[in-house]
Amino acid sequence: MSAAGEEMACQTCLAPLNTLGMPPTYVHPAHLDTDGHHPVPVPVSQLHTIRRSCDFCGDPYPIWTLRGGDVTAIAISAGSSLVQDFGHTWAACAACHTHLDDGRHDLVIDRAVRTLGLGDHPQVRERITELHRAFLDSRSPGRTLITTTSWPATTLTPGELPKIRDRLAHFYRGEDHLPATLGITQARDEIAAGLDRSHLYWIDTDFTDLAEHAASQLPDIPIGRDLPPATDGMIIWSRPVTHQNITAASWTDTGDGRQLILYRTIGAGLDGKALQRLREHVGWLAPTDAAHLPEQHPITGGHPAAALVATWLLIAQKAADIGPARIDKTIVKTYARTNRRPPEVRIVRVRGRRPTPTHDGRTTPGGEGGTQDSRFWVSGHWRNQPHGPRRALRRPVYINPFLRGPDDAPIRLSTTVRMLSSRQPTSENRG
């Protein structure tokens, strides 16, 4: 919940901060469990992930920001008073927002009481109701999508890409707001049109591993017009890439460059009416980062879009086998009802080296002696390679990004993890 001025969050735990007392100081929300550290306030605009919770019930995956009355609570005891500013912008989870839209504030109170764990006492419900009503009685029309929530990953299949793309384009054309910090408010119609034209790519797990590893070593590379595999496109990786849990990316040609947008999946763990409305109103993806890149703008390994650029480069250097995906029948029927052909979805896989026949008819990877009953990754690195007219231009090429071994052999898992994964093992999903 915000106070006057720009909202602040704790850089240590990523939780948004409340203000307390006079003069105001920043404090962690009372319901939040911390390790006892002191708040380290930073503007929320500097963070890609914020550990926000629903201001109505405490759910850890809020989806909408609502504007209402400016709520301040004052607690008075003998000889002292405590002032806590709850602000005029509140975060709402999908379930609470659904209940509010249905006029069932009592169900929102039920969720809040369960979260507090204080028992369903009349006085507890009364105090919570007073706080909520102070905000809701002055609620303004409209809502803003929260794009900094680190949802658990949702598995997206190749056959679903057309409906995922269409729902996202529909959201961009809608009236729901996006955070101004994304910087794409004035470009929403252009982005939606680019999605309508986009070529769709689903990146399989092995190629995702390869792209993430290559991205961690990416040298400076100018983004030219011939680098992406299509003028407008959308890529969905089989799993999140980078520590920010990016699962998808889209790009739109703007004439003077490209508009890149990175996405997280949303909605994991929801069910019933709350999930249905989220899918109808937003879809499966929420934009979390955006950048307009002019022609020849350089990208480095530290850029948020490095995994996307690495994927483009690997496709461009023929490190991929690209084939069509089967589209879900329900999606095909939906397109048929509007006299449209369903778009082609391309599955991107790692291209394996062809085994070389030996004198006795057996095959070996790359012509080396002996048979091979599994495939393994050869370590890679970037090298500048001449290309273009008279080979005067340079483009990074990832050396040895191939699997050695027979095409139909299983991949040796321990080698894959060691050679291609730049992520560190962790016991919990970091935002």
Exercise. Might you let me know whether region 215-225 holds any residue that is of a type outside the set (Lys, Arg), assigned to a helix (DSSP H, G or I) and out of contact with any Lys or Arg (no Cβ under 7 Å at 6 or more places or on another chain)?
Key: yes
Practice problem: List the strands (runs of 3 or more DSSP E) that sit entirely inside region 233-322 and contain at least 2 residues that are modelled with pLDDT of 90 or more. | Solution: 233-241, 246-253, 257-265, 285-294
Exercise. Kindly indicate which of Glu190, Glu212 is of a type in the set (Asp, Glu), surrounded by fewer than 18 Cβ atoms within 10 Å (Cβ to Cβ) and in a helix (DSSP H, G or I).
Key: Glu190
Exercise. Determine which member of the set Thr115, Thr181 is more than 30 Å from Ala291 (Cβ to Cβ), out of contact with any strand residue (DSSP E or B) (no Cβ under 6 Å at 6 or more places or on another chain) and in contact (Cβ under 8 Å) with a residue 40 or more places away in the chain.
Key: Thr115
Quiz item: Which ones in region 137-179 are part of a helix (DSSP H, G or I) and among the aliphatic types (A, V, I, L, M)?
Solution: Leu161, Ile164, Leu168, Ala169
Quiz item: If you take the residues in region 227-264 that are among the charged types (D, E, K, R) and touching a residue at least 40 places away in the same chain (Cβ under 8 Å), which one is nearest to Leu168 (Cα to Cα)?
Solution: Arg264
Practice problem: Mind listing whichever residues of region 226-269 are out of contact with any Ser or Thr (no Cβ under 8 Å at 6 or more places or on another chain) and of a type in the set (D, E, K, R)? | Solution: Asp226, Asp256
Practice problem: Could you tell me which of the residues Ala325, Ala336, Ala392 is aliphatic (A, V, I, L, M), modelled with pLDDT under 75 and over 30 Å from His48 (Cα atoms)? | Solution: Ala392
Quiz prompt | Subset of region 240-282 [aliphatic (A, V, I, L, M) and closer than 25 Å to Gly194 by Cα] | solution = Val241, Ile246, Ala248, Ala249, Leu260, Ile261, Leu262, Ile266, Leu278, Val282
Quiz prompt | Selected residue (only one of Leu313, Leu308 is in contact with a Pro (Cβ under 7 Å, 6 or more places away or on another chain), buried (at least 19 other Cβ atoms within 10 Å of the Cβ) and within 19 Å of Asp204 (Cβ to Cβ)) | solution = Leu313
Exercise. Tell me which residues, restricted to region 253-267, are at positive phi and either of a type in the set (Val, Ile, Thr) or touching a His at 6+ places or on another chain (Cβ under 8 Å) (or both).
Key: Gly257
Quiz item: What are the residues in region 239-249 that are farther than 12 Å from Thr288 by Cβ and buried (at least 23 other Cβ atoms within 10 Å of the Cβ), if any?
Solution: Val241
Quiz item: Of all residues in region 108-136, which are part of a loop (DSSP other than H, G, I, E, B) and among the charged types (D, E, K, R)?
Solution: Asp120
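The values are calculated or read from the model by the stated rules, or taken from the named source; none is laboratory data. All values reported here derive from a predicted model rather than from experimental measurement. With ideal geometry, Cβ positions are generated from the backbone for all residues, glycine too; neighbour counts draw on all protein chains shown.
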